[in-house]
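The structure appears right after this line, and notes come after that.
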Amino acid sequence: MSEKYAPLLVEVTRGFEVESRHRGEIAVVDEAGAVRRHLGDPETLVCLRSLAKPFQALPLVASGAAAAFGFGPEELALMSGSLSGQDFQVGLVRKILARLDLDPAALQCGSHAPLHRPTAKALAQAKELPTALHHTCAGKHASMLALCVYHFWPVEDYLRPSHPVQQFILKTVADMVGLDPADIPVAVDGCSAPVFYAPLQNIAWGFARLAAAPPESPAGVIMAACLAHPRHLAGDGRLETQIMQALPGRVFAKTGAEGGFALALAEEGLGVALKVEDGSSRALGPAIIEILRQLGVLGPEVREALAPLWQPVIRNHRQQEVGYLRPIFTLAG
């Protein structure tokens, strides 16, 4: 990072004063890899976390596995997403595994409570424990297993970094972000799968390639699937779902973790990557909506619909309005 501190992104007010601030960096890149707009240092090294998921799903299409198993847009969107553990998502993961003749026990992502609060509450009331099917990365792991079954690779150790499926994925991710696989640091994600680091501008470049991909290409197929099924990518009430539903067919929005977020802008052929320095997710809504506003993507009606995400109100436990969040940056370019 060339600056001592990342630039300011979002302020959090309480009363008439600023209580907290979030810093971060942004890169807006075109299909050729040129940085068109930015905030801070576009070369900042960022862990992709779940921003890699649409790239990790590409081998399914490129290898022929998706066609062989009859995976359509719904399955491909689910495999590219960070799921909320809602019933329709759990059911689709089950169907994917059934086509592979695998039991849900084959998923090695671990388990956690569904991100969708009503689903988590219903499980608790039924005195049922969440399973791997409720994991936010269940779709991604199902896609890895599909590749293993298609290629007759072992499924027992599919998370091993040297496993053929992980090497296939690493090469695909590297190709999408314009790097040599040897230049990508690899770590372990929360779901136990290998996870990758890349400069922010390279992550944005990967999403620009999704945005500009020919419809018949693997990247174009993934992009179309994600645009068609925003609920499958995340779930009801999630930030990316709300953005995509407000801008149907125009924006593929993807959350990562630790303050990462990316956009593929279909009409503009641009990719956007954002990293909130402190890892906070509360700054994402204001920052992402402000990026879309500055890039001219939001018309008046959409701007009004997304206003609660742009400057969300903070309320106390008595539902009194006590402050709000507001973006405070201007993209350079």
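Readers should treat all values here as calculations from the given coordinates under stated rules, not as data from a laboratory. What you see is a predicted model, and the numbers here were worked out from it, not measured in a lab. Reconstructed Cβ throughout: ideal geometry from the backbone, glycine too, with neighbour counts over all protein chains shown.
Summary of values
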| quantity | calculated |
| --- | --- |
| Whole-number D in µm² s⁻¹ for region 1-103, Kirkwood Cα-pair radius fed into Stokes-Einstein, 10 °C, 1.306 mPa s | 90 µm²/s |
| Lysine pairs with alpha-carbon atoms under 26 Å apart, region 8-327, spacing 8 or more or separate chains | 17 |
| FRET efficiency, 1/(1 + (r/R0)^6) with R0 41 Å, evaluated for Glu216 and Glu301 via beta carbons | 0.80 |
| Zone of Phe16's modelled label, taken as backbone nitrogen in region 302-333 under 15 Å from a point 7 Å along Cα→Cβ | 323 |
| Per DSSP, loop GluC sites (Glu not before Pro) in region 60-135 with at most 12 further Cβ within 10 Å | Glu128 |
| Selection of trypsin sites (Lys or Arg not before Pro), region 1-49, meeting DSSP coil and at most 12 other Cβ within 10 Å | Lys4 |
| Whole-number percent relative contact order across region 8-327, with pairs defined as alpha carbons under 8 Å at least 6 apart | 24 percent |
| Per principal axis, descending, Cα span of region 172-307 in whole Å | 46, 38, 26 |
| Euclidean distance between Cα centres, region 39-68 to region 209-227, Å | 12 Å |
| In Hz, Karplus ³J(HN,Hα) per residue of region 173-180 (6.51, -1.76, 1.60; θ = phi - 60°; x = Gly, Pro) | 4, 4, 4, 5, 9, x, 10, 7 |
| Of [x] 1.02; [y] 0.99; [z] 0.96, the label for Rg/Rh (Cα atoms, Kirkwood Rh) derived from the coordinates | [z] |
| Amide H partners (placed H, <5 Å) of Gly323, local residues excluded | Gly15, Ile314 |
